There are 2 protein chains.
Amino acid sequence: MSDNKQELRDLNLLFNARSVAIVGASTNPEKLGYEILNNLINMGYEGPIYPINPKADEILGLKAYPSLSDVGRPIDLIGVIIPGKFAPGVIEEAGKLGVKGAVVISGGFREIGNDDLESALVDAARLGGVGIIGPNCQGINYPANKLCISWPLIKQAGGLALISQSGTIAAALADRAEKEGIGISGLVALGNRCDIDESDLINFFGADPSTDVIAVYLEGIRDGEKFMEVGRRVAREKPVVVLKGGRTERGRKAAESHTRSIAGRGEIFDAALRKIGFEKVESIDALYDCAKVLAVEKKRPGRRVQVITSSGGSGIVAVDVLEELGLDVAPLSKGASARLTEVFPSHCVVGNPLDLTGDTPAERYKEAVLALAEEEPEIDLYLLIFGDPIPRATENCLELKKAIDRPIIACYIGGGEVEEVEFKKLNENKVPTFPTPERTARAARSILTG
Amino acid sequence: MSDNKQELRDLNLLFNARSVAIVGASTNPEKLGYEILNNLINMGYEGPIYPINPKADEILGLKAYPSLSDVGRPIDLIGVIIPGKFAPGVIEEAGKLGVKGAVVISGGFREIGNDDLESALVDAARLGGVGIIGPNCQGINYPANKLCISWPLIKQAGGLALISQSGTIAAALADRAEKEGIGISGLVALGNRCDIDESDLINFFGADPSTDVIAVYLEGIRDGEKFMEVGRRVAREKPVVVLKGGRTERGRKAAESHTRSIAGRGEIFDAALRKIGFEKVESIDALYDCAKVLAVEKKRPGRRVQVITSSGGSGIVAVDVLEELGLDVAPLSKGASARLTEVFPSHCVVGNPLDLTGDTPAERYKEAVLALAEEEPEIDLYLLIFGDPIPRATENCLELKKAIDRPIIACYIGGGEVEEVEFKKLNENKVPTFPTPERTARAARSILTG
């Protein structure tokens, strides 16, 4: 890919575009060109939006224009949803009009062997100074500018930036983030990444004030040197979590067909990530969970975890995984045991896990952590499991967060009404909360480096 | 535990009880004695229900009785939700009245060191011939008899029987099963299992016509010989999936505190399961997923998997995990490649994974499988990934299930409206469907033994 080697791009003008044209906006609700315009409008984008369609006067209440040149006003960014063969012409026109960026959703390029068409696209972009995301991609979403040129429509702003060679994986995780109340700071589906690449985007979100963590799905790195240089710098600022598709031989071959990535050998990739200081994960759930917890909690030394639970079985399952991951679920000291035994009802099982049993109110979790914070200062992280519909979990966790300087993460395992409300409320309020003890234990491992 | 060693119990009369008394039924909606009576009523239990409460004339529209003896009609089964110290007396009374079984939800026994009280309970049970589930448990649910003496209320009948030393884990999985539309055939929280144990229950659900698969969470085996004898027999009839809590040293100690189980060495437990022919899993998600797929698909020899996807990235992630699990994601033959290339649009990536790309209709999955069933008879399992909101996925999968004799399992990764509807519909219609490519790949491994 050395022919595509390039300098780091400044993407501020692209993501903070003050006007957008949608080339290929459609009046037909079945078409993507309709859905994307509709999403951009419903996102609440505040700049002018220009639908481009030679056959329509108006789309979704907006005046439509036959071409970009007919708009007659400045356009910062365009979305392109027309047949691929027309895309280079549009980019050429855009360049002449001073457009800064293009999100090319259209397919029909290198992914089906049309390398020449993709070269024409890149040439047009370079000539006119237009930065291209894509082609053959699921677009971008940037809530800080209420800019959604993508689908589905995800509106909730949060700290999670998603950069992905798979539009589906990015969209699925953005959807989760919205459902759980944590939201996203951005989403970029890279597609064929003919121009703007993962390094440019990691660089952008690394400096983006609304981004707390960057989650990346990659099948290969476009430019190793650039990736290392950007990576080292960004890793000092905020956490970057990476899932690599194509780590097996057959997976690697599939990756090469998918986005024509040079997937590269898994071990070299792993070594590069370690050197940079990125987090490497092995599954989509882990990509999400690790990003979710590192958006809120800084990594810290130590390995001692105290489990506090209302469900004995869930506590044991958590302990098994914590132990297997090399964390220390140390027993309580005599002093701490004595104090908790004195305070709590006799049916509570004092230890690690501390089993408050199924009838516990949320307040007892708080009392336990406050007592332990005094008696056992060596505890590095509290893992709270709510195994029953326990109201006020969030309020009590938030009071704890103010009172102690150790990470608190939670598991809300049930699926009832109280559980669903508290699960979302905890996540919204930056107490990272997971649906199973195993995933919560892995999140603990993402924080503790000892 | 040799003092408790006992013969296998016949639980038919207990689960098929024709009349139920709730000892400790309450008029106070905040109390468990109210919730359980309410759940039993709302489950639609068709036999007479007798609330027992000396201070009430009527509870939830039912005549209440001061004691079991005051009912004056036959009682098959009782639920017990009174302070533990009164439980032995109630069991004694029940025995005299010919009650066959008791679900003792009350705590206050061995779990807090009251071994004498538990012995008194067991003595009363043995004397009167009353089978006890519990004490200190979350009860039972048996939809075939519309019998729910537990919480939360799970009504949907299906093929999954849950037996668990953790009430929370059982309840959480039952709740999932209801939400996904697969339902349960039964749920039993073992609690302290002073009398009826996991072997009795595996034996019962092994013979139960509504049960297709048995999922078990255990912290220890009560009687090894009995477990092996029952296990060997049941494993020949239907799949049994087991998650063991306490597989690490600290987990084992926690398990001993939790249900006073002798958790035993992990390796011995594993060897026993292998010998019996039970499936061993390592996480709550895996317990659920493995049971879900084995409820529908028989294990079969072979290891060749064909992945068909609308999402390139998700397909690659699936291939990675399939390969790591030792399955064979073999490339297509020239003949099959040629045929699919001819039939499908040029932007589809023909191979394994077969990437139909994001605009594919559900029909194309069906066409692909039908063509491959002819061209590549050596494919053992089809793994279909729906990475986009693709309507009619279920209809097309059901037609395939009729047309070909290979397992079909699916992944529906997105969280939009179409995805949620199709995810549930697929599961309801016995096409086991999972939320991530990784979990789908693991389900494939649960079926293929080659």
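Annotations for the structure displayed:
- The H on the amide N of B:A25, modeled in the peptide plane, is under 5 Å from the matching H of B:I52, each at least 5 residues off or on a different chain.
- Compared with the direct C-alpha span, the chain from A:M228 to A:E374 gains 48.2 nm at full extension, assuming 0.36 nm per residue.
- Summary for B:E256: label point 7 Å along Cα→Cβ; distances to the equivalent points in the other copies, ascending, 5.5 nm.
- Look at the stretch A:159-170: the mean tally of other chain Cβ atoms within 10 Å of its residues' Cβ atoms is 4.
- Put A:S346, A:S185 in order of accessible area, highest first, and with a 1.4 Å probe you get A:S346, A:S185.
- Within 10 Å of the Cβ of each residue in A:239-252, the mean number of Cβ atoms contributed by other protein chains is 5.
- Given their separation in residues at 0.36 nm each and the Cα-Cα distance between them, B:L325 and B:N42 gain 97.5 nm when the chain is fully extended.
- Both radii were evaluated on the Cα set of region A:178-261; the Rg over Rh quotient, with Rh as the Kirkwood radius, amounts to 0.99.
- Per-residue ellipticity at 222 nm computed for the protein assembly as shown from its helices equals -12500 deg cm²/dmol, with DSSP H segments shorter than 4 residues left out and the rest contributing -39,500 (n - 2.57).
- The Rg/Rh ratio of the protein assembly as shown, with both radii computed over alpha carbons and Rh defined as the Kirkwood radius, is 1.01.
- A simple count of charges around A:D123, restricted to other residues whose Cβ falls under 11 Å of its Cβ and scoring Lys, Arg +1 and Asp, Glu -1, yields -3.
- Inter-copy label distances at A:P54 (7 Å, Cα→Cβ; nm, one decimal): 9.2
- Protein accessible surface hidden between A and B, which excludes ligands and nucleic acids, total in Å², probe 1.4 Å: 3800
- Reach of A:K31 by Cα under 16 Å, taken over lysines that are not fewer than 8 positions away in the same chain: A:K55
- Only beta bridges with both residues in region B:347-450 are counted; by DSSP, about 10 percent of them are antiparallel.
- Positive-end residue of B:Q306, B:A443, B:P389, charge dipole of region B:305-447 with Cβ unit charges: B:A443
- With a cut-off of 10 Å between beta carbons, the residues surrounding A:K155 carry a summed charge of 0, where Lys and Arg count +1 and Asp and Glu -1.
- Angle in degrees between helix A:334-343 and the longest Cα principal axis of chain A, rounded to the nearest 10: 90
- Estimated dipole of chain B in Debye, rounded to 20 [Cβ of Lys and Arg +1, of Asp and Glu -1, Cα centre]: 800
- Theoretical FRET efficiency, 1/(1+(r/R0)^6), r = Cβ-Cβ of B:D123 and B:E237, R0 30 Å, to 0.05: 0.30
- Using only alpha-carbon positions in region B:90-189, the gyration tensor eigenvalues give semi-axes of 28, 16, 8 Å once each is multiplied by 5 and square-rooted (largest first).
- Helix B:284-294 and the longest principal axis of the C-alpha atoms of chain B enclose an angle of approximately 70°.
- Between amide H atoms placed 1.01 Å from N, distances below 5 Å from A:N352 occur with A:L332, all of them 5 or more places distant or on a separate chain.
- Between region B:381-423 and region A:119-149, the alpha-carbon center distance in angstrom: 33
- Violating pairs (Cα-Cα greater than 22 angstrom) within the set A:K280/A:K425; B:K292/B:K402; A:K424/B:K280; A:K298/A:K401: A:K280/A:K425; A:K424/B:K280
- Length gained when the stretch B:A144-B:V343 is fully extended (0.36 nm per residue, less Cα-Cα span): 66.8 nm
- Spin-label pair A:N12/A:E58, simplified geometry with 7 Å Cα→Cβ offset, distance in nm: 3.9
- Here the Karplus relation 6.51 cos²θ - 1.76 cosθ + 1.60, evaluated at θ = phi - 60°, turns the backbone of region B:356-368 into coupling constants of 7, 6, x, 9, 6, x, 4, 4, 5, 4, 5, 4, 5 Hz, with x for every Gly and Pro.
- Descending by average beta-carbon neighbour count within 10 Å, the peptides A:354-364, B:241-251 line up as B:241-251, A:354-364, the highest first.
- Computed across region A:1-103, the Kirkwood hydrodynamic radius from all distinct Cα-Cα pairs reaches 14.2 Å.
- Diffusion constant of chain A at 4 °C, which comes from Stokes-Einstein with the Kirkwood Cα-pair radius and 1.567 mPa s, µm²/s: 55
- What the phi angles of region B:407-419 give under the Karplus curve with 6.51, -1.76 and 1.60, with θ = phi - 60°, is a coupling list of x, 10, 10, 9, 10, 10, 8, x, x, x, 5, 4, 4 Hz, glycine and proline written as x.
- Inter-chain neighbour count for B:132-140: the average number of beta-carbon atoms from partner chains within 10 Å of each residue's beta-carbon is 1.
- Highest average packing first - A:65-74, A:28-37, A:88-97, A:187-196, Cβ atoms within 10 Å: A:187-196, A:88-97, A:28-37, A:65-74
- Count Lys and Arg as plus one, Asp and Glu as minus one, and take only other residues whose Cβ is under 13 Å from that of B:Y65; the net charge is then -1.
- Computed on region A:330-425, the Cα convex hull volume stands at 87 Å³ per residue.
- Comparing Cα centroids, region A:216-231 and region B:5-48 end up 61 angstrom apart.
- Residue of chain B whose Cβ sits closest to the axis mapping B onto A, with distance in whole Å: B:D285, 4
- Each peptide among B:122-134, A:399-411 gets the average number of other Cβ atoms lying within 10 Å of its residues, and from highest to lowest they stand as B:122-134, A:399-411.
- Near A:K100, the amide H atoms lying under 5 Å from its own belong to A:L77; only residues 5 or more places off or on other chains count, and H is placed 1.01 Å from N.
- For B:D116, the distances from its label point to the matching points in the remaining copies are 9.5 nm, ordered from shortest, with each point set 7 Å beyond Cα toward Cβ.
The values are calculated or read from the model by the stated rules, or taken from the named source; none is laboratory data. Just so it is clear, the structure is predicted and the values come from calculations on it, not from any experiment. Ideal geometry is used to build each Cβ from the backbone, glycine not excepted, and the neighbour counts take in all protein chains shown. Note: accessible area is taken over every heavy atom of the protein model, side chains too, but ligands, DNA and RNA are not part of it. Shrake-Rupley method; radii C 1.70, N 1.55, O 1.52, S 1.80 Å.
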